[in-house]
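J.: Okay, handing you the structure first.
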Amino acid sequence: MTIQTELTTDRADPQRRRAVTVALRRVLPDDALVSAPDELATFECDGLTAYREIPLLVVLPTDVGQVRAALRCCRELGVPVIPRGAGTGLSGGALPRRDGVLLSLTRMNRILEIDAENRIARVEPGVRNLAISEAVAPYGLFFAPDPSSQFASSIGGNVAENSGGVHCVKYGLTTHNLHTVTYVDMTGELITLGGSGYDAAGYDLMAPFTGSEGMLGVAVEIGVKLLPLPETVVLMQAAFPDMERAGRAVMEIVGSGITPSGLEMMDRIAIEVVENYIRAGLPTDAAALLLCELDGAEADVAAQIEQVTRVMRRCDGYDFRLARSAPERERLWQGRKAAFPALGQVTTDFFIMDATVPRRHLASTLARITELAEEYRLRVANTFHAGDGNLHPLILYDASIPDEVRRTEALANAILTLCLERGGTVTGEHGIGAEKLDIACAQFAARFKAK
């Protein structure tokens, strides 16, 4: 992993750009192309700003026909194509190529159909994740996957990265909440995966496509599964004196047979930074803060509150808080969701990581990350999905100091290697992108070697 600290200069061949522009203008309307250098700079990176590149051109289609025409044209010219959603990804998955076309699907943002009776909706790839739940709420339904960027991230990007979010521990990742995906391959052919029933003819290729980061095709229409809004939702929060006891609480909650709709954790650094930012009364003396959301029938949730409370007390939890109404829950969630913007007040740069370990290794892995941070003389804040072991260590550094950049790279690789050693994987929901190509190759090489 190498953090790029300066924007790569535009070294695209001007003649090549003109030739590709002329060819694409023959099959696309003028407003579907972006070619001015200052406008191209808008698309130089996704949410992982450590990697940047100016694309050869940007194509902004408004319908399926334009997507097919653009892909056919680029194939004939031998021009690489990088699909892009809203650009909120955190792995460099939408990093442009200076010799390639960036295909942005943001203008294809219509909700095509809501079938409340069958609990499905058909949407274009540029529809925002949160917009789906907002549109179906009047029918008493919601779309479960909810990445932290859901107010801006697009469903096409969610499919490309197989995004998760707070509620994936109970409701699954994006791939578990789809019934159809229609995509265009590089030849311009239109292909539909899945079906409206529980089983479809042919091989089940939905899972391989979801999370393929655009390598297998460009999604142009997505059929999502909708779920009924739960009767009751409560959010519990408790502080713990150390990570080991918080990790044990996570294991015991899940081991008791309860499946929380969300189970999130923050460490001491994250708690302190967030509290200084939002002044919500978070317990800054705590080494860990655990948030447990429960939903379902009112009687079931009431029984689960008692069970979870007993588990937390047994693991020395304290400073208990219980939020029942939507505004109360939002106030408690604010601490967890404010972590990223809060860090902007205490560091010039931070590197957001994504890796997963088995839940039983959570506490020991976090303890080792703390040791590694001390070894590399850097601060690391941890805020993560404890319910499925999906870690998001945030390394705080200054990109203007070369030695800090070098140490950040080394620490990031050490953390990912640690997660692999604990039986985990190098991504949970952010994808591989440009960020983790080397370490992902090492992960799969080790698996093949073991066989």
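J.: For ALA288, what charge total do you get from the other residues with a beta carbon under 13 Å from its beta carbon, if Lys and Arg give +1 and Asp and Glu give -1?
T.: Values: positive: ARG245, ARG248, ARG268, ARG336; negative: ASP242, GLU244, GLU264, ASP267, GLU272, ASP285, ASP316, ASP319.
Local net charge: -4.
J.: Apply 1/(1 + (r/R0)^6) to the Cβ-Cβ distance of ASN118 and ARG310, taking R0 = 45 Å, and write down the FRET efficiency to the nearest 0.05. Numbers along the way, then the final one.
T.: Numbers: r = 40 Å, r/R0 = 0.89.
Efficiency at R0 = 45 Å is approximately 0.65.
J.: On to the next question. Please get the size of the charge dipole for the chain, origin at its Cα centre, with Cβ charges of +1 on Lys and Arg and -1 on Asp and Glu, quoted in debye to the nearest 20.
T.: Values: 45 positive and 58 negative charges, 117 e Å.
Around 560 debye, computed over the chain.
J.: Return the calculated 222 nm mean residue ellipticity for the chain, to the nearest 500 deg cm²/dmol, obtained by summing -39500 (n - 2.57) across DSSP H runs with n ≥ 4 and dividing by the residue count. Each step should come with its number before you reach the end.
T.: Working: 15 runs with 161 residues, N = 451.
Rounded to the nearest 500, the figure is -10500 deg cm²/dmol.
J.: To continue, here is another question. Are there any trypsin sites (Lys or Arg not before Pro) in the range 225-290 that are in a DSSP loop and have at most 14 other Cβ atoms within 10 Å? List them by number.
T.: Working: sites: LYS225, ARG245, ARG248, ARG268, ARG279; in loops: ARG279.
Sites meeting the loop and neighbour criteria: ARG279.
J.: Loop-only check: which trypsin sites (Lys or Arg not before Pro) in the range 318-402 are DSSP coil with at most 16 other Cβ within 10 angstrom? Let's see the in-between values first.
T.: Numbers: sites: ARG321, ARG324, ARG329, ARG331, ARG336, LYS337, ARG359, ARG360, ARG368, ARG377, ARG379; in loops: ARG324, ARG377.
Passing both the DSSP loop test and the Cβ count: ARG324, ARG377.
J.: For the range 209-335, what % of the accessible area comes from carbon and sulfur atoms, probe 1.4 Å?
T.: 49 percent
J.: Still on this structure: Determine how large the accessible area of ILE120 is when every protein chain is in place; take a 1.4 Å probe and give Å² rounded to the nearest 10.
T.: For ILE120, solvent-accessible area is about 30 Å².
J.: Quick check: residue separation of ALA410 and ASP438 times 0.36 nm, minus the Cα distance between them. What number comes out in nm? Each step should come with its number before you reach the end.
T.: On the way: separation 28, 0.36 × 28 = 10.08 nm, distance 1.29 nm.
Separation in residues times 0.36 nm, less the Cα-Cα distance, equals 8.8 nm.
J.: Follow-up. Can you give the local net charge around ASN390? Use residues other than it whose beta-carbon is closer than 11 angstrom to its beta-carbon, Lys and Arg +1, Asp and Glu -1.
T.: Working: positive: ARG359; negative: GLU264, ASP354, ASP388, GLU429.
Residues close to ASN390 contribute a combined charge of -3.
J.: Let me ask something additional. Less than 11 Å Cβ to Cβ from ARG360, Lys/Arg counted +1 and Asp/Glu -1: what total charge do the surrounding residues give? Intermediate results must be reported in sequence, preceding the final value.
T.: On the way: positive: ARG248, ARG359, ARG422; negative: none.
Taking every other residue near ARG360 into account, the sum is +3.
J.: Something else now. Full-extension gain between ARG377 and THR347, please, as 0.36 nm times their residue separation minus the C-alpha to C-alpha distance.
T.: On the way: separation 30, 0.36 × 30 = 10.80 nm, distance 1.44 nm.
So the chain would gain 9.4 nm between ARG377 and THR347.
J.: Here is a follow-up. To the nearest whole percent, what portion of all C-alpha pairs in the chain is separated by more than 29 angstrom? Write out the running numbers ahead of the final one.
T.: Working: 51041 of 101475 pairs.
Roughly 50 percent, rounded to a whole number.
J.: Determine the per residue accessible area of the range 76-233 with all protein chains present and a 1.4 angstrom probe, expressed in square angstrom. Display every interim value, and only then the final one.
T.: Details: 6830 Å² over 158 residues.
Ligands and nucleic acids excluded, the result is 43 Å² per residue.
J.: Let me ask something else about it. State the extension gain, in nm to one decimal, for the chain segment bounded by GLU298 and TYR203, taking 0.36 nm per residue of separation less the distance between their alpha-carbons. Let's see the in-between values first.
T.: Values: separation 95, 0.36 × 95 = 34.20 nm, distance 4.02 nm.
Length gained between GLU298 and TYR203: 30.2 nm.
J.: I need to check one value: relative contact order of the chain, counting alpha carbon pairs closer than 8 Å and at least 6 residues apart, in percent.
T.: Working: 945 pairs, mean separation 63.2, N = 451.
Once divided by the residue count of the chain, the mean separation gives 14 percent.
J.: Pop a pseudo-label 7 angstrom from the Cα along the beta-carbon direction at both LEU190 and ARG25 and give the gap in nm to one decimal.
T.: 2.8 nm
J.: Give me the angle, in degrees from 0 to 90, between the Cα long axis of helix 298-314 and the longest principal axis of the Cα atoms of the chain, rounded to the nearest 10.
T.: 70 degrees
J.: Continuing with this model, one more query. Starting from the range 231-278, pick out the GluC sites (Glu not before Pro) whose DSSP state is loop and whose Cβ has at most 16 other Cβ atoms within 10 Å. Kindly include the intermediate steps, with their values, before the conclusion.
T.: Details: sites: GLU231, GLU244, GLU252, GLU264, GLU272, GLU275; in loops: GLU231.
In loop regions of the range 231-278 (DSSP not H, G, I, E or B), the sparsely surrounded GluC sites (Glu not before Pro) are GLU231.
The values are calculated or read from the model by the stated rules, or taken from the named source; none is laboratory data. A quick note: this is a predicted structure, and the numbers were derived from the prediction, not measured. Using ideal geometry, Cβ is built from the backbone for each residue, glycine included, and neighbour counts are taken over all protein chains shown. Keep in mind that these areas ignore ligands, DNA and RNA; they rest on the heavy atoms of the full protein, side chains included. Shrake-Rupley method; radii C 1.70, N 1.55, O 1.52, S 1.80 Å.
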